[in-house]
1. Give me the extension gain from GLU13 to SER266: residue separation times 0.36 nm, minus the current Cα-Cα distance, reported in nm with one decimal.
2. Compute the distance in nm between two label points, each set 7 Å from the Cα along the Cα-to-Cβ direction, one at SER93 and one at ALA183.
3. With labels modelled as points extended 7 Å from the Cα through the Cβ direction, what inter-label distance (nm, one decimal) is found for PHE126 paired with ARG103?
4. In debye, nearest 20, what is the charge dipole magnitude of the chain about its Cα centre with +1 on Lys and Arg Cβ and -1 on Asp and Glu Cβ, if you could check?
5. What relative contact order, as a whole-number percentage, does the chain give when Cα pairs under 8 Å and 6 or more residues apart are counted?
6. For the ranges 123-135, 188-200, what's the packing order if you count other beta-carbon atoms within 10 Å of each residue, average per peptide, and put the highest first?
7. Quickly work out the SER285-to-ALA45 label distance, labels modelled 7 Å from Cα along the C-beta direction, and quote it in nm with one decimal.
8. With n ≥ 4 as the cut-off for DSSP H runs, can you work out [θ] at 222 nm for the chain, using -39500 (n - 2.57) per run divided by the number of residues, rounded to the nearest 500?
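Read the figures in this text as sums done on the coordinates, not as results from a lab. Quick caveat: nothing in here was measured; it's all calculated off a predicted structure. Cβ placement follows ideal geometry from the backbone for every residue including glycine, while neighbour counts extend to all protein chains displayed.
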Amino acid sequence: MGGGPTAARSLVEPYPGSDRNGPGLVGRGMPRIANWCGRVWASPAEILRPTSEPELCRLVRRAAREGRRVKVVGARHSFGRIWTTDDLMIELSRFHRVLQVDRERMQITVQGGMPLHRLVRVLERFGLALPNIGAWMEQTVAGVTSTATHGTSGRYRQTLPESVVRMRLVDGRGEPRVLEGAALRQVTLGLFGIITELTLQCRPFFFVRQHKHAVPREEAVERALAALERHDLVDLRWAGSVPRALVGQWDVEPGPPSWRDRLRQSIEATRLWAVNRTVAAYPASRMPTALSTRVWEVLGHAYVEASERPSRVSPWYRGLTYDSRGFAPPHDEIELALPRARAAACLREAIALMQEDRRSAAIEVQVRFSPAIDMALAPNDGRETAWLNLNVFDAVAAAPVVDALVRLAYSYEARAHWAKVIPASDRRPARRHPRWRQWEATRAAFDPHGVFLNRWYARCFGGVSGELEPTQEVAA
Ligand SMILES: Cc1cc2nc3c(=O)[nH]c(=O)nc-3n(C[C@H](O)[C@H](O)[C@H](O)COP(=O)(O)OP(=O)(O)OC[C@H]3O[C@@H](n4cnc5c(N)ncnc54)[C@H](O)[C@@H]3O)c2cc1C
């Protein structure tokens with residue numbers, strides 16, 4: 001499994017023994033498959049798209065008998081190697097059906113491969129909504145709950161993984177299991193089994209009124225924290241060393257958008273789409289660094305200034321997601337969960353650091369806030385969190401600033417978001433979690449033969465060797 005053609009400019013580390021730019025460990029005739037933006041590649045020995053749970057059970061049993069590894073993937077909308085394998089890959093693209101809607105309890109049961117963009121529209125027909133959503137809707141419902149995708153938050157608190165009330169999965173022995181109540185309080189990371197069905201607790205469909213204003217960067221952190229006290233959802237964004245930052249705030253609204261609001265939404269989505277297309281088309285790797293820095297600065301200014309806008313209302317899933325007509329330019333993301341109590345100081349330092357260094361031009365930052373949750377291995381397990389997300393468009397140019405920001409965040413006890421790029425310096429991120437041993441024991445009980453392990457698991461739980469065995473310390 002090596003890097004793909006464009007992976008040389010990615011923040012994702014090559015595995016030991018693999019060649020970042022070439023075929024590396026890839027065997028002849030093996031399929032090549034990339035993540036959503038083509039920056040991370042895998043070469044599984046086989047890719048299968050089963051259609052039923054009994055078929056999945058048979059596949060897993062056979063794999064366990066033959067000592068093979070299985071990795072299930074959703075939309076491959078992760079930024080790191082969590083989804084990769086060089087053995088058997090299972091795609092759940094045929095598990096996309098709605099199984100049941102219970103209007104009275106406001107619950108929906110769907111198959112694990114259902115993409116969010118379809119789910120939100122089905123819910124709308126029944127007058128229902130999820131409590132929250134991340135910036136994008138291409139991912140699958142099993143993928144987002146498996147990695148603790150958090151969404152935008154504030155006083156309006158529940159996050160997506162917390163809305164799961166029942167889960168059905170095929171474990172490492174090839175047996176179906178149903179998880180409810182306390183058993184759901186773990187982020188599975190694709191390491192407990194293959195999730196085939198999920199029942200989600202919904203709430204009545206809602207609209208949000210959104211405001212975005214540009215503020216001087218020196219005031220940005222205080223303004224965002226003050227907004228958090230008054231508004232239902234809040235985020236903070238800044239780009240490179242652009243002198244103004246954006247505070248976004250949303251309030252839940254009972255009524256639908258006016259035609260003016262709809263028109264504004266549509267114009268803005270088109271504008272963001274155009275900015276994104278320009279970013280995607282810019283051949284950063286072939287340009288001199290000084291020119292690139294200038295281009296990123298101009299784009300950063302355009303983005304901040306164009307995003308300031310009067311308030312408008314939209315359906316929750318349009319207002320809370322990054323609506324750019326379904327197009328995002330290829331980029332890397334590192335997202336670090338900071339304890340909320342220490343976040344303000346860290347964010348102020350991060351802003352100052354980027355302002356002083358023009359190599360930050362290719363980085364856009366988004367900060368979101370979420371409550372503490374009771375879910376082993378979720379980055380916000382047991383602590384209120386400010387999520388510091390680095391969107392990195394040119395990994396080579398921005399690398400020194402990214403390193404400095406990562407060091408800064410870890411000095412404030414950050415924990416890495418599992419689906420993003422795990423910083424190279426964070427050798428065993430799982431061990432930052434207070435409940436990782438307990439989680440690991442549960443994982444081993446679900447998958448005693450290690451069928452679902454991959455090298456990413458070894459990297460995050462076991463050490464630096466890239467070996468696939470479960471961690472010795474846990475086994476001992
Ligand atoms: C443009 C973009 C925007 C994003 N915005 C946000 C955001 O705002 N907030 C946030 O928190 N995250 C965000 N993410 C990250 C994203 O939500 C996660 O990477 C999510 O896990 C992707 O879901 P997926 O279906 O693509 O899963 P994949 O990337 O395919 O898989 C992720 C993990 O889930 C496991 N998995 C997938 N399906 C199953 C299954 N059926 N059973 C068991 N395990 C399974 C896989 O094995 C793997 O370990 C964003 C990603 C992108 C590309």
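1. 87.3 nm
2. Inter-label distance under the simple model: 3.2 nm.
3. Simple spin-label model gives 1.0 nm for this pair.
4. 700 debye
5. 16 percent.
6. 188-200, 123-135
7. Reported label-point gap for ALA45 and SER285 is 3.0 nm.
8. Computed mean residue ellipticity for the chain: -9500 deg cm²/dmol.
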